[in-house]
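Structure first, then comments.
The values are calculated or read from the model by the stated rules, or taken from the named source; none is laboratory data. None of these values were measured; they are calculated from a predicted model. Using ideal geometry, Cβ is built from the backbone for each residue, glycine included, and neighbour counts are taken over all protein chains shown.
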Amino acid sequence: MSASASFRCVNINTIVNSGVMLISKLVTITTMWLGAKFVIEGGMSISIPLVA
């Protein structure tokens, strides 16, 4: 494998990895926002499970 092909692979890997991390963070933010919205509107409640 030539140096330029290796460099291209590293660049592609970096771009794909950054995209996956961005999507993961967006999903986390959306989930937290929707959860907070449902709790504030009374559609969902926060409960602490009891351990027997």
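Looking at the structure I just gave you, is Ile40 exposed (fewer than 10 other Cβ atoms within 10 Å of the Cβ) and part of a helix (DSSP H, G or I)? Outline the logic, then answer.
Numbers: exposed (fewer than 10 other Cβ atoms within 10 Å of the Cβ): yes; part of a helix (DSSP H, G or I): yes.
Criteria met by Ile40.
Counting only residues that are within 14 Å of the chain's Cα centre (by Cα) and outside any helix (DSSP H, G or I), how many does region 1-37 have?
0
Six or more apart or on different chains, Cβ atoms under 8 Å: show the pairs whose first residue is in region 38-52 and modelled with pLDDT under 85 and whose second is not hydrophobic (A, V, I, L, M, F, W, C).
Final answer for the pair search is Met44/Gly35.
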